[in-house]
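Enquirer: Here it is, the structure in full.
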Amino acid sequence: MNITTAKPFEIQVKQGERVVLPKTVDMQIDQGVQGTFVVDWPELPDMTKAGIYEVEGTIIMEEFPEPFIEQRADPYILKAEDGFYYFTGSYPLYDRIVLRRSKTLEGLPEAEEHTIWRAHESGILSEHIWAPELHHIDGKWYMHFAAGEKEDVWAIRPYVLECAGDPLTDEWTEKGAINTDFQSFSLDATTFQHQGKRFLVWAQKTEQDTISNLYIAEMETPWRLKGKQVLLAKPEYDWEKAGFDVNEGPAFLHRHGKVFLTFSASATDDRYAMGLLYADENADLLDPASWTKLQDPVLTSSDNTGLYGPGHNSFTVTEQGLDLLVYHARPYKEIEGNPLYDHNRHARIQRFFWKDDMPYFGEPGFKLETIVKPKAIIIVE
């Protein structure tokens with residue numbers, strides 16, 4: 001993909017008035033995609049005299065390690081109000097929850113990793129510790145995650161931990177399992193607040209079959225549901241049914257008057273892909289009719305970039321507030337044995353953009369190839 005246009009913008013000032021150029025500019029990308037970019041402006045010329053001056057800047061492209069952090073599937077990054085970025089994800093042995101933090105995104109790969117909680121020796125919370133997510137709610141830290149048990153490793157349920165102090169060093173308290181309406185294989189819970197209400201969205205198999213659907217419910221507390229759970233989405237299209245009928249790994253985003261839920265579908269090999277649901281920001285989110293599912297996936301495996309099975313994403317932003325997609329993908333296609341135990345699903349980060357007020361993700365690992373310099377026209381009167 002190429003950045004194709006950067007419409008010059010005009011600034012009018014009086015003689016002697018200080019000129020302040022914007023730190024970011026909006027630019028057009030191929031196929032009608034739009035993006036916002038950080039720009040580095042040169043030292044301004046002498047503008048003491050009236051006239052028209054043209055200044056050309058340089059786009060600063062964010063560059064992240066590739067992969068960002070190895071062997072961390074289901075990656076989750078939170079830019080918290082305390083000024084830190086926090087990172088967590090599924091640990092390869094599925095036996096603990098780890099957490100790291102840094103003042104910058106660039107510092108996360110080398111940040112010290114802390115084990116904040118370990119699986120039980122037996123019973124519940126003892127197997128398949130999956131997909132942790134960190135949230136800061138009403139002054140406390142909460143970790144939502146899924147876990148099975150020794151006696152039935154697939155009796156996976158969503159659980160919550162709570163911490164009132166430093167999330168890296170202070171004690172975490174087990175708040176127990178989330179009270180879903182029926183007991184069955186359930187995982188990948190995410191929580192968000194919207195228009196004064198807190199919601200939970202998660203994946204759960206029905207009691208009748210092996211389909212993994214997405215459900216939504218309002219929350220009374222960060223670990224307890226309020227009211228009945230509502231079926232939000234189920235696998236419908238072929239790309240959601242490759243290997244297994246799966247909708248899982250939801251992630252919430254609110255932009256441009258809409259709310260979005262990305263999710264992952266199909267088996268966890270190279271057929272794993274990301275889909276998208278969206279609704280109007282003022283709609284009743286507990287009404288399935290409020291939501292629309294795109295018929296096609298929004299992120300799939302790419303032979304062009306050599307990344308396969310992208311999915312189970314989260315969202316964060318740069319220090320300048322630019323949108324970032326956080327996801328995992330493997331650097332190869334062929335897998336021996338059960339892909340759940342192939343631990344080379346590495347955490348990755350890349351910019352995503354917008355097209356007609358809808359998120360545009362491109363390909364996993366894609367790069368913008370051509371940079372057009374932004375221009376500012378300064379009119380001094």
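The values are calculated or read from the model by the stated rules, or taken from the named source; none is laboratory data. Values in this document were obtained by computation on a predicted structure and should not be read as measured data. Every residue, glycine as well, gets a Cβ built from its backbone with ideal geometry; the counts of neighbours run over all protein chains shown.
Enquirer: Considering only residues of segment 229-283 that are hydroxyl-bearing (S, T, Y) and in a strand (DSSP E or B), which is nearest to P331 (Cα to Cα)?
Expert: S264
Enquirer: I've got another one for you. Within segment 195-222, which residues are within 21 Å of the chain's Cα centre (by Cα) and not in a strand (DSSP E or B)?
Expert: Hits for segment 195-222 are Q195, P222.
Enquirer: Go through segment 13-34 and count every residue that is more than 24 Å from I379 (Cα to Cα), of a type in the set (A, V, I, L, M, F, W, C) and modelled with pLDDT of 90 or more.
Expert: 1
Enquirer: Looking at segment 204-219, I want the residues that are assigned by TED's automatic domain parsing to the domain that holds W291 and have a partner that is β-branched (V, I, T) with Cβ atoms under 6 Å, at least 6 apart or on another chain. Which pairs are those?
Expert: Hits for this filter: S212/V246; I216/V201; I216/V230.
Enquirer: Which residue, of K79, K14, K23, is of a type in the set (K, R) and farther than 16 Å from T318 by Cα?
Expert: Answer to the check: K14.
Enquirer: Another question about this same structure. Would you pick out the residues in segment 204-254 that are among the charged types (D, E, K, R) and either more than 18 Å from K293 (Cβ to Cβ) or in contact with a Lys or Arg (Cβ under 6 Å, 6 or more places away or on another chain) (or both)?
Expert: K205, E207, D209, E218, E220, R224, K226, K228
Enquirer: Has segment 245-255 got at least one residue that is surrounded by 22 or more Cβ atoms within 10 Å (Cβ to Cβ), over 24 Å from I137 (Cα atoms) and of a type in the set (D, E)?
Expert: no
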